Every structure is written in C-alpha cells, then in structure tokens.
1. Would you check which residues across segment 92-119 are in contact with an Asp or Glu (Cβ under 8 Å, 6 or more places away or on another chain) and surrounded by fewer than 18 Cβ atoms within 10 Å (Cβ to Cβ) and list them?
2. Could you tell me whether Tyr88 is crowded, with 17+ Cβ neighbours inside 10 Å, aromatic (Phe, Trp, Tyr) and under 17 Å from the mean Cα position of the chain (by Cα)?
3. Looking only at segment 28-39, how many residues end up being outside any helix (DSSP H, G or I), over 18 Å from the mean Cα position of the chain (by Cα) and surrounded by 10 or more Cβ atoms within 10 Å (Cβ to Cβ)?
4. Taking the condition part of a helix (DSSP H, G or I) and not charged (D, E, K, R), does Ile60 pass?
5. Scanning for something among the small types (Gly, Ala, Ser), under 23 Å from Gly139 (Cα atoms) and over 16 Å from the mean Cα position of the chain (by Cα), does segment 41-54 turn up at least one residue?
6. So, in segment 114-147, exactly how many residues are polar (S, T, N, Q), part of a strand (DSSP E or B) and in contact (Cβ under 8 Å) with a residue 60 or more places away in the chain?
7. Among the listed residues Gly75, Gly83, Gly46, identify the single one that is in a strand (DSSP E or B) and either in contact with a helix residue (DSSP H, G or I) (Cβ under 7 Å, 6 or more places away or on another chain) or surrounded by fewer than 18 Cβ atoms within 10 Å (Cβ to Cβ) (or both).
8. Would you pick out the residues in segment 161-185 that are touching a residue at least 40 places away in the same chain (Cβ under 8 Å) and more than 16 Å from Asp140 (Cα to Cα)?
Amino acid sequence: MPRLIIASNNAHKVTELASILSAHHIDLTLVTLNQLQDVPEIIEDGTTFEENATKKVKTIQKIAPNDFILADDSGLSIEALNGAPGVYSARYAGDHDDEANIQKVLTQLADVPTEQRQARFSSVIVLIGPHRSNLVVRGDIEGRITTEKHGDNGFGYDPIFYVPQFNKTFAELTAAEKNEVSHRGLALQKLAEALPEWL
C-alpha cells in the first residue's frame with residue numbers, strides 16, 4: 001500500500017485527514033514527520049500559503065522520493081490588519097503560542113468596530129508524488145473576529161473566529177460542524193474529490 005507522508009507533526013491535521021480519506025474510501029498508509037528518520041529542517045519563508053506548503057513537500061521529498069507527500073499551510077487574514085497575520089499566523093506573537101497570538105490580535109483590534117472585523121481562514125494543500133504533477137487545492141471561509149474568546153474546542157485562533165452561519169465561533173462548533181465549513185475541511189473535501197484521478 002502506498003505511503004502518504006503528512007509533512008506535519010500536528011495531530012489535529014492528521015486526524016482530520018485520516019477521517020476524510022476513510023470517508024472517501026481512499027486507502028493509503030498515513031505517516032507523520034515524527035515517524036521518519038533524519039527529517040531536514042523545513043524553512044517556511046514563503047510569502048503565500050501555497051509557497052510555504054510547496055516548500056514543506058519539496059523538503060520532505062529529499063528523504064522520501066518514492067512516497068506521496070502532503071502539506072498544508074493555513075492561516076488567518078484580517079482585513080483591518082491589511083491581511084495580517086497571514087503566513088505568520090502560527091508565530092504571530094512568538095513561536096506557536098496560541099494564547100499570545102490571540103491576545104495580540106485582540107489588542108490590535110481593540111478600537112475596531114464589529115462591522116470592520118472581517119477575517120478569512122485559508123488553507124492550501126499541496127500533494128506531490130513520483131511522476132505526477134503537483135495537486136494543489138484551496139479552502140476559504142469568511143467570518144469575523146470577536147472581541148473576546150468563546151468556546152473550548154479547536155486550536156489556534158478558533159475561539160475568536162466567528163462563523164455567521166452557525167452564530168458561533170470555530171471553538172464552539174462540533175467536530176462535524178467544523179469539518180463541514182472549515183477552511184481545512186473544504187480544502188480536504190476538494191482534495192478527496194481530486195485524489196482518485198490523481199492517484
């Protein structure tokens with residue numbers, strides 16, 4: 001059975017991907033970065049989500065040239081902050097500190113009225129494999145930034161990203177609701193639709 005290497009150590013992402021693949025009856029052995037030996041450092045210095053996701057898969061391809069390799073890059077873009085944090089979402093206030101990132105955003109938006117707090121979550125997935133062109137899919141969801149945190153589910157900016165159609169933040173949604181509308185869920189759905197032909 002072919003191996004699909006997920007260029008991430010994020011357990012949330014691996015779980016989401018596994019559930020989508022099984023729902024579409026796509027049978028691949030999932031391998032995470034921490035299951036590989038001698039993983040080179042991945043430098044995420046791209047200016048777009050697609051550039052960063054491509055850098056991740058190309059770096060891992062050096063040690064696993066015969067495997068399928070998948071990476072995503074995702075983040076939050078806030079209109080009132082000229083698209084920030086964008087590609088710097090995970091390390092906006094330092095290194096992968098969710099709480100500090102949230103507080104930085106809330107502080108920067110302190111004087112911004114509700115109707116000007118529009119934001120977008122985006123996820124770009126890049127999949128590569130031997131003798132195939134790159135498969136690139138993207139998912140976006142529009143919402144707005146709340147003035148305080150709500151909900152205990154999810155991670156990252158989920159407690160301050162409000163989704164109008166549910167009248168809840170991402171952190172208040174059930175896993176099923178979130179998979180239905182989240183940027184990564186939408187990108188994964190597109191990936192699952194395109195995968196059988198690509199494989």
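The values are calculated or read from the model by the stated rules, or taken from the named source; none is laboratory data. No experiment lies behind these values; they were computed from the predicted model shown. Methodologically, a virtual Cβ is constructed for each residue, glycine included, from the backbone with ideal geometry; neighbour enumeration extends over all protein chains shown.
1. If the condition is that a residue be in contact with an Asp or Glu (Cβ under 8 Å, 6 or more places away or on another chain) and surrounded by fewer than 18 Cβ atoms within 10 Å (Cβ to Cβ), then Leu106, Gln116, Gln118 are the ones that fit.
2. It is false that Tyr88 is crowded, with 17+ Cβ neighbours inside 10 Å, aromatic (Phe, Trp, Tyr) and under 17 Å from the mean Cα position of the chain (by Cα).
3. Qualifying residue count, segment 28-39: 4.
4. yes
5. no
6. Of the residues in that region, 2 qualify.
7. Gly75
8. none
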